[in-house]
Amino acid sequence: MTTKIPKIGIVLSAVMLIIGLIGGYFASSGNISSLQTQLTAAQEQVSQLQSQVSNLQSQITALQSDKTTLQGQVTSLMSEKTALQSQVSELQAEKSKLESENSLLKQNITNLMNQIQQLKAIHSYQPGAILTTLSGGYEDRTGPAFHIPQGNIKITVQLTALGDIRGFYLSLYKVGHTSSTWRGSTETTGEWINYVYNLEDGDYYLKVGSVNYNWKITVQVYG
């Protein structure tokens, strides 16, 4: 009996070891399955991340291409801007030059016009210079104002009769006055000449009354 007890213990020990190994196997099998699941999930995540990286790289490439294009456009526009600024500067310089030349020309024109007016005034007041002319027919008429320098004038009237009963009446008025400075009348034909002396410098006008005449009046400086 004493020799059989140890064999039973050995057998029990062996059985327990086998049971432990079997339990460890099943436990390790569960861990492996869990790890495989985690590995599969990780691989899917890596695949998704790789796809995102690829998309981002494509977008970055497109943006870099756009950037290059925009930089080219900016460079072109800057070059065009520089050229336009140069043209503007040239045109402003030309404008300033033309304004200066125009100003000088205007001044020269003003000076010439003043000289012409002075020469006309000198010529107008010379003896024989015509101050005004007026013509008409069977009508009463008031002529436009004209300037007479201080001194004397000659009034020449050419008369053409239109009938036997006729008359011609002529008056000289100073502008702003209601009474005439000089007046005369005739029933003749041909040339009728009158002289008016010692007139004041100023503006005057003629009034004509005509019956059966065609007429033409010339007023000249007389001295």
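Some points to look at:
- When the helices of the chain are scored as -39500 (n - 2.57) per DSSP H run of n ≥ 4 and the total is divided over every residue, the value at 222 nm lands at -21000 deg cm²/dmol.
- Values [x] 30.0; [y] 18.5; [z] 17.8 are given for comparison; Kirkwood radius over Cα pairs in Å, derived from the coordinates here, is the one labelled [x].
- Potential lengthening of the chain between E99 and E191 amounts to 27.4 nm, from the contour at 0.36 nm per residue minus the alpha-carbon distance.
- Here the Debye sum runs over all C-alpha atoms of the stretch 44-153 as equal scatterers in vacuum, and log10 of I(q)/I(0) at q = 0.11, 0.19, 0.20 Å⁻¹ comes out as -0.77, -1.07, -1.10.
- Relative to the dominant Cα principal axis of the chain, helix 5-124 is inclined by about 10°.
- Taking the square roots of five times each eigenvalue of the Cα gyration tensor of the stretch 167-223, the equivalent ellipsoid has semi-axes of 21, 14, 9 Å, listed largest first.
- Relative contact order (percent, whole number), the chain, Cα cutoff 8 Å, 6+ residue spacing: 23
Read-outs throughout are calculated quantities, based only on the coordinates presented, and are distinct from any laboratory measurement. If you're wondering where the values come from, they're calculated on a predicted model, not measured in any experiment.
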